[in-house]
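Q: Before anything else, here's the structure in question.
Taken together, the values in this text are just the output of simple stated rules run on the coordinates, not laboratory data. Source: prediction; values computed, not measured. Please note: Cβ atoms are built from the backbone with ideal geometry, for glycine as well, and neighbour counts cover all protein chains shown.
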Amino acid sequence: RDAVLRAQTVTLIHSLTALQRIASMTGTTSSPGLIRLGELLDSPPVSRLTSPMGLLVRNRFVHYEMNDPRILPDLTKPLCGLVQQVFPGQTWQSLSRDVTDVTERAANLISHWSP
C-alpha cells in the first residue's frame, strides 16, 4: 500500500504542476473551465501537495535523499512517519484521502473541460 500511495502521490503532484503552468499561461482569461481549475488549485489539499514540504515528500517518494534534519524517520509508522513529520496533524490515511480526492477532482475537471 505504501508503494501505491507513493506512485499516486508522485503522479498527482506532476499533474498538478502541469495544471498550475497551464493556469499561469492563461493570464486573466476567466472561462468556466479555468475558473474550476483555479478552484481546484486553490484548495487546501492541493496547496499542501504543491507546497515546498509537499515537494519534499515527492522527492523522498522517488528515492531522493532525505537530508532535512527536521525529518526523523519513525519505522513503526507507514512511510516511516514522513507524512506526520512533514504535515503536522496529517496521517498516511489523510494523505491517501487527499490524493484520491484531488485525483478524482482533477480527472473530472479535465474530462468535462469546457472553454
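Q: Using alpha carbons only, how many degrees (0 to 90, rounded to 10) separate the axis of helix 32-41 from the longest principal axis of the chain?
A: Roughly 20 degrees, rounded to the nearest 10.
Q: Full extension from LEU75 to HIS63: what is 0.36 nm times the residue separation minus their Cα-Cα distance, to one decimal in nm?
A: Value of the extension gain: 2.7 nm.
Q: Give me the angle, in degrees from 0 to 90, between the Cα long axis of helix 2-25 and the longest principal axis of the Cα atoms of the chain, rounded to the nearest 10.
A: 30 degrees
Q: Given points 7 Å out from each Cα along the Cα-Cβ axis, report the HIS112 to SER15 separation in nanometres with one decimal.
A: Each label point lies 7 Å from its Cα, and together they span 1.6 nm.
Q: Add -39500 (n - 2.57) for each DSSP H run of 4 or more in the chain, then divide by its residues: what number comes out at 222 nm, to the nearest 500 deg cm²/dmol?
A: So the calculated ellipticity at 222 nm is -20500 deg cm²/dmol.
Q: Continuing with this model, one more query. Viscosity 0.890 mPa s, temperature 25 °C: give me the Stokes-Einstein translational D for segment 26-85 in µm²/s, with Rh taken as the Kirkwood radius over C-alpha pairs. Working shown, then result.
A: Values: Rh = 13.7 Å.
So the translational diffusion coefficient is about 179 µm²/s.
Q: Stokes-Einstein D for the chain at 25 °C, 0.890 mPa s, Kirkwood Rh over Cα pairs, in µm²/s?
A: So the translational diffusion coefficient is about 164 µm²/s.
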